[in-house]
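Data block below; observations after.
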Amino acid sequence: MHYTIDQIRLALKKCHRLSLADLPTPLEDVPKLSEALGGPRILVKREDQTGLAFGGNKVREFEYSVAPAVSEGYDVLLHGAASQSNQSRLTAAVAAKLGLKMVMVGRKDEHSNDMNGNLFLTHLFGADVHLVESAEERSEVEKKLEADGHKVYNTSYDGYYLRSVAYVDGFIELWEQLQEQNVVPDALYVCSGVHTHVGLVVGAKALGVDLRIVGISPSPQDNAKKNMQLAEVANEVCKILSLDIHFTADDFESYGEYAGEDYGVLTRESRESVLLAARTEGLLLDPVYSGKTFAAMIEHIRKGKYTKDQTVLFVHTGGTPALFAYADELLNKTE
């Protein structure tokens with residue numbers, strides 16, 4: 001079943017929403033990149049410009065997913081991942097904006113030694129930062145918060161499906177911009193953790209838009225299993241919004257082979273894409289997420305998957321503060 005934009009917006013109003021992001025984000029042409037690649041027209045949806053704390057897709061997601069923390073009286077926002085986590089940075093910024101306490105229980109890893117990038121910003125926003133080496137250490141921090149009487153909202157799994165709901169709304173915004181420019185892209189590339197990818201696919205299918213949406217995972221994965229997971233999340237989103245749509249794994253296209261040997265490890269292709277974008281358009285990508293997604297798109301263009309008269313859309317999900325933590329790896333190599 002297909003829906004109008006007004007019908008979907010009415011469904012979205014069922015969800016409480018905060019005002020955090022600068023919207024709409026720009027949709028830009030990058031002609032020098034297109035020329036450098038000898039390929040199709042490339043458009044960039046600038047989700048890195050959502051405003052708060054250097055922006056990124058999490059700002060849009062948190063408008064929906066953190067709203068229950070406010071309405072239900074939580075006093076601590078918690079997040080833990082890699083030391084250079086974009087989500088930790090934005091959890092800290094949102095907590096500061098909302099007057100809440102933020103606790104980061106991050107991993108002690110190879111990018112945690114220097115106070116820069118996302119880790120520096122998380123500190124700057126006043127977060128209580130713990131860098132741990134084990135699940136036991138993490139659990140101890142969380143148990144102490146509860147013992148001290150705090151009501152803790154974990155931005156990784158609390159409000160989980162609402163993060164995908166946010167990008168149903170994001171797709172409507174994007175589609176209206178494309179219509180204004182009289183452009184129908186032949187493919188869309190987006191970094192695929194879960195939520196941004198899922199929301200875009202749900203939004204497209206709900207509107208009846210036939211658009212190839214290609215998700216590039218920042219981590220190695222079993223593609224078939226990942227597509228099943230994405231479909232399950234999409235079906236939960238449809239339940240939340242009362243959309244009469246069903247998804248299967250066949251509705252999703254995602255790839256883990258561009259992640260390299262592990263999450264957060266710079267690949268040669270990601271490094272090339274970061275340098276190319278910076279030196280042709282002054283466009284900053286990050287080496288972990290947008291850089292690897294852009295690298296996959298570059299490979300597909302070079303393999304001739306798109307002709308010069310086609311259009312490819314790249315969703316820039318942000319993450320650029322991590323560039324500072326990867327400076328040596330990005331520049332101190334033979335050009």
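Determine if region 119-126 includes at least one residue that is exposed (fewer than 15 other Cβ atoms within 10 Å of the Cβ), at pLDDT below 95 and not assigned by TED's automatic domain parsing to the domain that holds Ala224.
Looking through region 119-126, none of the residues is exposed (fewer than 15 other Cβ atoms within 10 Å of the Cβ), at pLDDT below 95 and not assigned by TED's automatic domain parsing to the domain that holds Ala224.
Only one of Glu281, Glu257 is acidic (Asp, Glu), assigned by TED's automatic domain parsing to the domain that holds Leu200, at negative phi and within 21 Å of the chain's Cα centre (by Cα); which?
Among Glu281, Glu257, only Glu257 is acidic (Asp, Glu), assigned by TED's automatic domain parsing to the domain that holds Leu200, at negative phi and within 21 Å of the chain's Cα centre (by Cα).
Kindly indicate whether any position in region 126-147 is without any contact (Cβ under 8 Å) to a residue 24 or more places away in the chain, basic (Lys, Arg) and part of a helix (DSSP H, G or I).
Yes, that holds for at least one residue.
Output the residues belonging to region 97-121 that are touching an Asp or Glu at 6+ places or on another chain (Cβ under 8 Å) and under 22 Å from Val59 (Cβ atoms).
Within region 97-121, the subset touching an Asp or Glu at 6+ places or on another chain (Cβ under 8 Å) is 100-105, 107-108.
Of everything in region 97-121, those that are touching an Asp or Glu at 6+ places or on another chain (Cβ under 8 Å) and under 22 Å from Val59 (Cβ atoms) turn out to be Leu100, Lys101, Met102, Val103, Met104, Val105.
I need the full set of residues from region 35-67 which are over 27 Å from Gly304 (Cα atoms) and outside any helix (DSSP H, G or I), in order please.
Within region 35-67, Thr50, Gly51, Gly55, Gly56, Val66 meet the criteria.
Could you grab me the full set of residues in region 127-155 that are under 14 Å from Met102 (Cβ atoms) and of a type in the set (Lys, Arg)?
At the first step, the residues of region 127-155 found to be under 14 Å from Met102 (Cβ atoms) are 127-130, 141-142, 145, 150-155.
Listed by number, the list holds a single entry, Lys151.
Taking into account only those residues within region 33-57 that are of a type in the set (Gly, Ala, Ser) and buried (at least 21 other Cβ atoms within 10 Å of the Cβ), which is farthest from Leu124 (Cα to Cα)?
Only one residue fits best here, namely Gly39.
Take the conditions β-branched (Val, Ile, Thr) and modelled with pLDDT under 95 and apply them to Val265. Does it pass?
It is true that Val265 is β-branched (Val, Ile, Thr) and modelled with pLDDT under 95.
Looking at Tyr153 and the list (1) over 17 Å from the mean Cα position of the chain (by Cα); (2) surrounded by 24 or more Cβ atoms within 10 Å (Cβ to Cβ); (3) in a helix (DSSP H, G or I), which single condition is not satisfied?
With (1) over 17 Å from the mean Cα position of the chain (by Cα); (2) surrounded by 24 or more Cβ atoms within 10 Å (Cβ to Cβ); (3) in a helix (DSSP H, G or I) applied to Tyr153, the lone miss is (3).
The values are calculated or read from the model by the stated rules, or taken from the named source; none is laboratory data. Quick caveat: nothing in here was measured; it's all calculated off a predicted structure. Don't worry about glycine lacking a Cβ; one is built from the backbone with ideal geometry, like all the others, and counts go over all protein chains shown.
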